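Structure record follows, encoded as structure tokens.
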Amino acid sequence: MNKAHYPAQVSIVEVGPRDGLQNEKARVSTLNKVELVHNLANAGLKRIETGSFVSPKWVPQMADSADVFARIKRNSAITYSALTPNMKGFEAAMEAGADEVAVFGAASESFSQRNINCSIEESLTRFEPVVEAAHKAGVKVRGYVSCVLGCPYEGAIEPKAVAEVSQQLLDMGCYEISLGDTIGTGTPIKTAMMLEAVLKRVPVNQVAAHFHDTYGQALANLTIALQHGVATIDSAVAGLGGCPYAKGASGNVATEDVVYMLDGMGIKTGIDLPKLVHAARMISQVIQRPASSKVANALG
């Protein structure tokens, strides 16, 4: 293997406590969420998406995010972030002490309408005051782009559309753009085409890969992202999650599987795999289903 084609180190953004748990059907208590965050921190994760400040009517699993932030024992070396789709959410996140916030757009008009009831352009306009307020407060803003490799309503998505939304979020002031294969339909060639379009407009060090594993393609697609120089990967412990707007979409790629692959490639993550597997087992017991992680099951 020519390691020159791969990053020497990868930053893992653990999205299990938010993007993972928000779509799990089993009720997860505040204490269980706090334990999960602590277990992830103990495993060496330095970026943990801890909660979401959205309407509990739409995302009831995240209704206690302020309590989770209040109860966690902070580690100054860790960034505890939150999703904040509007000013109300941003203000609540600041009150809770979130270190970083995120906004989310989509590369698909249909998905945008069904997910947040507005067009792509309208959604970006809504985020402008959030980004402005965050910058004034000295808080970094991350931008998510959904459906970068396929949409449950439109099917294939043009790479150009992904690149346009990504650039708009970057220009707005997002320091990092996370590219989400929300329904997990991407394949390596499609991933390469999408990244080539995005990287013409967004510097590679400001791009993250956020791939779901619905069709078992996430690790293959992540390898393509690594070959393009992407050195930030979003993943969820135990493969938690899914997408309520995408029928059949399974969870995010499992953090354990990503770390095992990166370890085997000689790429540093700073994550202790046995401790990570412990975190996966604990949360899997809470939601009463096996981890969808190959590694957790292999080390069973």
* Asked: Under a point spin-label approximation (7 Å from Cα along Cα-to-Cβ), what is the Glu122-Glu95 distance to one decimal in nm?
  -> 2.7
* **Accessible area per residue in Å² at 1.4 Å probe, computed on segment 1-119** => 44
* Got a sec? Charge dipole of the chain, +1 on Cβ for Lys and Arg, -1 for Asp and Glu; which of Cys151, Leu45, Leu124 is way out at the positive end? -> Leu45
* To do: In whole Hz, with x marking every Gly and Pro, tabulate ³J(HN,Hα) for segment 157-166 from phi via Karplus 6.51 cos²θ - 1.76 cosθ + 1.60, θ = phi - 60°.
  => 10, 5, x, 4, 5, 5, 4, 5, 5, 4
* To do: Counting only heavy atoms of the protein chains, get the accessible area per residue of segment 155-227 (1.4 Å probe) and round it to a whole Å² value.
  => 39
* To do: Note the full-extension length gain between Leu219 and Met265 as 0.36 nm times their separation in residues minus their Cα-Cα distance, in nm to one decimal.
  => 15.3 nm
* To do: In debye, nearest 20, what is the charge dipole magnitude of segment 63-135 about its Cα centre with +1 on Lys and Arg Cβ and -1 on Asp and Glu Cβ, if you could check?
  => 300
* So for the chain, taking the charge dipole from beta-carbon charges (+1 Lys/Arg, -1 Asp/Glu), which of Gly97, Ala298, Ala26 sits furthest toward the positive end? -> Ala298
* Asked: Which of rounded, prolate, oblate describes segment 141-203, given a ≥ b ≥ c as roots of the alpha-carbon gyration tensor eigenvalues and a/c under 1.5 marking rounded, otherwise prolate only if a/b is larger than b/c?
  -> prolate
* Stokes-Einstein translational diffusion, segment 65-187 - Kirkwood Rh over all Cα pairs, 1.306 mPa s, 10 °C, in µm²/s -> 106
* To do: Give the calculated FRET efficiency between Arg74 and Thr187 to the nearest 0.05, with a Förster radius of 51 Å applied to their Cβ-Cβ distance.
  => 0.80
* Tell me, in nm to one decimal, what length is gained between Tyr153 and Lys136 on full extension, where the rule is 0.36 nm per residue of separation less the Cα-Cα distance? -> 2.4 nm
* Structure fact -> Per the rule of 0.36 nm per residue minus the C-alpha distance, extending Asn205 to Ala63 adds in nm 47.8 nm
* How large, in percent, is the carbon and sulfur part of the accessible surface of segment 113-263 at a probe radius of 1.4 Å? -> 51
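The values are calculated or read from the model by the stated rules, or taken from the named source; none is laboratory data. Only a predicted model underlies this, so the values are computations on that prediction, with no experimental measurement involved. Note that each Cβ is placed from the backbone with ideal geometry, even for glycine, and that neighbours are counted across all protein chains shown. Accessible surface areas use protein heavy atoms only, side chains included; no ligands, DNA or RNA. Shrake-Rupley method; radii C 1.70, N 1.55, O 1.52, S 1.80 Å.
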